[in-house]
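One structure, pasted below without further comment.
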Amino acid sequence: MKPKKTATLVLCAAIMSAVWANLTFSAETPFYRGKTLTVLINFASGGPTDIEGRLVARFLGKHVPGQPTIVVQNMPGAGGVTGTNYLGEIAKPDGLILGYFTSQFFNILTADPNLRVDLAKFAYIASIEGVAVAYVRKDFPPGIQEAKDIIKAKGLKAGGLSLNSAKDVRFRLQLDILGVPHQYVTGYNSNSDARLAVERNEIQFFTEGTPGYRSQVQPRMVKEGLVTPLYADELVTVDGEFRPSAEVPDIPSFSQLHQQIFGKLGSGVLWEALKTINLTHAMQRIAKVAPNTPPEAVAALRQGFSQMLKDQEFIQEFKRVTRSDPHFQVGGEADKLINKLVQAPPEVKNTIRKYTESK
């Protein structure tokens, strides 16, 4: 009986050892080891969202614990809503799809029926602010030599991308606040198409995000004397305070230009509508995963972003490509922003919606 007892003890010890080893492996193995992470981009290839998203995809994998293989997939449509709906409705909440999106927070203000998901339920990994710079042809009568000359312009054509674009609504509000009569010409497929239209004098006014402005407009159109930069968008904190973007210290913010022209800040429903839209600048571009994604996946992705932002190679490449600094905020305050937008006064929301319904 003794040999049989010994054999039983040995077998039990082996089983316990295997179980313990398996538990140890599970506890110590990173969530993403041996997995593939898809970076989903909600706009077409070649645009600013795609350029930034692919930059992130190139560097993020080596910083996420487990170093997953990363692939990129574009899912454009409905101004970015298609990708957002997919991530919230169809994608499995397994942490294997990371959305890198231009945010849809503006759609909360317009009650966009195409947006079928609750933005508050996503897990937000990181975000980066974004602002646009407005510019106008210098030769538009009577001549726009400096920014404050814009109030002398009458009947200029302002180019846009679509009626329900946050950027379009924003600059139309800004021109109306300044009292600049203008014709809104929309439907340009991309910033580059609209930029070309400015060069051809089909339109005279356009706004672009800082990467496009720094890389295309400033070195050519400004330097060659074709256009005059007017103002940069600014951030508005959840407390309602204006904060000029550090990305454009050489160009006055819109509120600064307004003060130069009128000696004070604006007031009224148009001004409040503009401030409300500008809240979304703080999280212009976002990285997020589906609702109910495992907490360990969320933690690993946030850790990956935090480490990537210390990677000098990533920093230099981001600066080279976008002409801006990678000022990402890991985690972010999406809940506070969403609550602020939801609680916007009805007259503000109605004003914004009217701009998305007609020219």
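So which pairs qualify, if the first residue must be in region 201-215 and under 11 Å from Y188 (Cβ atoms), the second must be open to solvent by 20 Å² or more (accessible area, probe 1.4 Å) and not in a strand (DSSP E or B), the Cβ gap must be under 7 Å, and the two must be at least 6 apart or on different chains?
F206/R195
Also: Output the qualifying pairs, or none if there are none: Cβ atoms under 6 angstrom, residues six or more apart or on different chains, first residue in region 72-92 and assigned to a helix (DSSP H, G or I), second residue among the basic types (K, R).
Here the result reads N85/R116, each pair linking region 72-92 to a residue that is among the basic types (K, R).
Looking at region 275-295, I want the residues that are open to solvent by less than 10 Å² (accessible area, probe 1.4 Å) and have a partner that is acidic (D, E) with Cβ atoms under 6 Å, at least 6 apart or on another chain. Which pairs are those?
Cβ pairs passing all conditions: H281/E129.
Here is a further query. Can you list residue pairs whose Cβ atoms sit under 9 Å apart, with the first residue in region 297-324 being free of Cβ contacts under 8 Å to residues at least 24 places away in the same chain and the second being assigned to a helix (DSSP H, G or I) and among the small types (G, A, S)? Count only pairs 6 or more apart in sequence or on different chains.
As it stands, the answer is none, since no pair meets every condition given.
Right, here's the next one. Could you list, in sequence order, the residues of region 34-71 that are farther than 21 Å from M283 by Cβ and outside any loop (DSSP other than H, G, I, E, B)?
Hits for region 34-71 are T36, L37, T38, R58, T69, I70, V71.
Within region 329-343, take every residue that is of a type outside the set (V, I, T) and more than 16 Å from Q104 (Cα to Cα) and give me the one that is modelled with the lowest pLDDT.
Among those residues, the one meeting the criterion is G331.
Okay, residues lined up against (1) in contact (Cβ under 8 Å) with a residue 12 or more places away in the chain; (2) on the phi > 0 side of the Ramachandran plot; (3) part of a helix (DSSP H, G or I):
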position	(1), (2), (3)
Q329	yes, no, no
G332	yes, yes, no
K340	yes, no, yes
A344	yes, no, no
V348	yes, no, yes
R353	yes, no, yes
T356	yes, no, yes
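How many residues does region 57-94 hold that are on the phi > 0 side of the Ramachandran plot and more than 18 Å from the chain's Cα centre (by Cα)?
The number of residues fulfilling the criteria is 2.
If I ask for residues that are more than 30 Å from T110 (Cβ to Cβ) and surrounded by 20 or more Cβ atoms within 10 Å (Cβ to Cβ), which ones from region 138-147 would you list?
F140, I144
Any idea which residue in region 259-274 is most open to solvent (accessible area, probe 1.4 Å), counting only those that are not basic (K, R) and not in a helix (DSSP H, G or I)?
Among those that are not basic (K, R) and not in a helix (DSSP H, G or I), it is S267.
Let me ask something additional. Within region 38-53, which residues are modelled with pLDDT under 95 and either farther than 20 Å from G209 by Cβ or open to solvent by 30 Å² or more (accessible area, probe 1.4 Å) (or both)?
Across region 38-53, the qualifying residues are F43, A44, S45, G46, P48, I51.
The values are calculated or read from the model by the stated rules, or taken from the named source; none is laboratory data. Not measured: the values here are computed from a predicted model. A quick note on method: Cβ atoms are made from the backbone with ideal geometry, for glycine too, and the neighbour counts reach across all protein chains shown. Accessible surface is based on the protein model in full, side chains and every heavy atom, while ligands, DNA and RNA are left aside. Shrake-Rupley method; radii C 1.70, N 1.55, O 1.52, S 1.80 Å.
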